[in-house]
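Step one of this worksheet: look at the structure below.
What follows is calculated from the coordinates using simple rules that are stated; it is not laboratory data. Note that this is a predicted model, so its numbers are computed, not measured. Ideal geometry is used to build each Cβ from the backbone, glycine not excepted, and the neighbour counts take in all protein chains shown.
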Amino acid sequence: MTVEVVASIVAGVIIGKSMALLAFGGDSVIELISAYAVLGFMGNLSKDVAAEVESERTEKFALSLLVLLVPVIAGGAAYSYFSDVKPEASLLGIAVAFGAVVIMPILWIQKRKIGREADVVPLRIDAA
């Protein structure tokens, strides 16, 4: 996921501020923050921490990040529309999109499977 963030933002800047790639990178940053929050929660499961309270806090945080995706995507779309940015074809953009199309479904399936087997609600939310 870190590769997705760096690749999309760097490609967006190299191409000439490609709004689509920069918005994709912004979306990926939010997904990465959510993944780190869930990873931190799962790291605390084995410790003597109030797991239920921590689970609820992590669930709310992950859900908040999912809601935050809406203005990121809408903001990119609005900026593109009002600034008359035209989509551009690029091999870098196609490579980033292809990588995401191949890798992200695998990550989704694995997160969902582990979340269900371990009964970890924050991980299932993050998989969504």
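Span-like helix criteria (full DSSP H runs; alpha carbon extent of at least 20 Å along the helix axis; mean Kyte-Doolittle hydropathy of at least -1.0) are satisfied in the chain by 19-44, 51-82, 91-118.
From least to most packed, judged by other beta carbons within 10 angstrom and beginning with the fewest, LYS60, LYS111, LYS86 follow the order LYS86, LYS60, LYS111.
The relative contact order of the chain, computed from alpha carbon pairs under 8 Å that lie at least 6 residues apart in sequence, is 29 percent.
The charge dipole of the range 2-127, taken about its Cα centre with unit charges on the Cβ of Lys, Arg, Asp and Glu (plus for the first two, minus for the last two), comes to roughly 200 debye.
Taking the fewest neighbouring Cβ atoms within 10 Å as the starting point, the ordered list for SER64, SER18, SER83, SER90 is SER83, SER64, SER90, SER18.
Taking the Cβ of GLY115 as the center, what net charge do the other residues with Cβ under 13 Å away carry, scoring Lys and Arg +1 and Asp and Glu -1? Net charge around GLY115: +1. Taking other C-beta atoms within 10 angstrom as a stand-in for reagent exposure, ARG116, ARG124 fall in the order ARG116, ARG124, fewest first.
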